[in-house]
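The values are calculated or read from the model by the stated rules, or taken from the named source; none is laboratory data. Keep in mind it's a predicted model, so treat the numbers as computed, not measured. Neighbour counts run over all protein chains shown; Cβ positions are idealised from the backbone, glycine included. Ligands, DNA and RNA are excluded from the accessible area calculation, which covers all protein heavy atoms including side chains. Shrake-Rupley method; radii C 1.70, N 1.55, O 1.52, S 1.80 Å.
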Amino acid sequence: MRDVKKFRRSFRYAYEGLKYALSTQQNMQFHFSVALLALIMAIGFKLPKAEILFILSAVTLVIVCELINTAVEKAVDLAMPDRHPLAKIAKDVAAAAVLVSAVFAAIVGMVVFYEPLDLLIRQAGTTESVLTPGLILTLVALVALIVIVAQTRFSDKRFRLRPSLLTAVSFAISTWIALLTANSLIALLGYGLSIQLTFVLYDKRSRQLPALVAGAVIGSAMTALAFYLILA
């Protein structure tokens, strides 16, 4: 009985640690969001079990490294409240572990999702004649208008998440490039520019990562939805 209580206590402590990291660390929130999106895409593309296991392994590695990084940061802050070169090295090395695991996860994602995304892009590229430049520009403007309305609607201090207009428009344009071209490399370059813009815009005070990601999701999702509704 004592062993069961000890196990339950250990499980509760571990859950509290995970809950703390999710509620306080923006990087952890971002990693969880990306992991959820990757799993949804894996189910949507009906990937085989082996590739799903690769994705699960990659995202689990990133989350574990982020948890360890958070633990190291808090332990270093407790032991060394003041600035110290060794404290900086400890934090930098822990952050490097997260970076290496994130790069590995990104490579796994590109390898696993390249073929189904390439097939989807090629299929979409064969129907581009239905769309006109004026209609495409109007739909991009509609995305911008919806984001502006969302920002106005959620301007109350109770709502902290306000989607970014710039990332919404940027990812909307990148999604149109991906949908209208049959070349996967061009689509990848378009999204690469949008991702680079997201990192340039990122600022902990004025432009937080969740707001930028929300704008990117809105721009991409609305564009893809409009594309398939028009061609339906």
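For this structure, a couple of remarks:
- Count of Lys pairs (Cα-Cα under 21 Å; at least 8 positions apart or interchain) in the chain: 9
- Measuring r between the beta carbons of GLN196 and LEU99 and using R0 = 22 Å, the FRET efficiency lands at 0.85.
- Helix 133-153 axis, angle to the chain major axis (alpha carbon atoms, nearest 10°): 40 degrees
- Residues listed by number, the range 189-231, amide nitrogen under 13 Å from ILE43 label point at 7 Å toward C-beta: none
- Helix 26-44 axis, angle to the chain major axis (alpha carbon atoms, nearest 10°): 50 degrees
- Protein heavy-atom accessible surface, 1.4 Å probe, per residue over the chain: 67 Å².
- Within-15-Å neighbourhood charge of THR167 [Cβ basis; K, R +1; D, E -1]: +1
- TYR15/LEU225 FRET efficiency (R0 25 Å; Cβ-Cβ; nearest 0.05): 0.10
- Nonpolar atom fraction for the range 1-124, defined as the carbon and sulfur part of the 1.4 Å probe accessible area, stands at 70 percent.
- Across the range 60-65, rounded Karplus estimates of 3J(HN,Hα) from the backbone phi angles (6.51 cos²θ - 1.76 cosθ + 1.60, θ = phi - 60°) give 5, 4, 5, 5, 4, 5 Hz, Gly and Pro being marked x.
- Degrees, to the nearest 10: 209-231 long Cα axis against longest axis of the chain: 30 degrees
- Comparing Cα centroids, the range 15-39 and the range 159-232 end up 21 angstrom apart.
- Among 98-110, 131-143, 73-85, sorting by the average number of other beta carbon atoms lying within 10 angstrom of each residue, highest first, gives 98-110, 131-143, 73-85.
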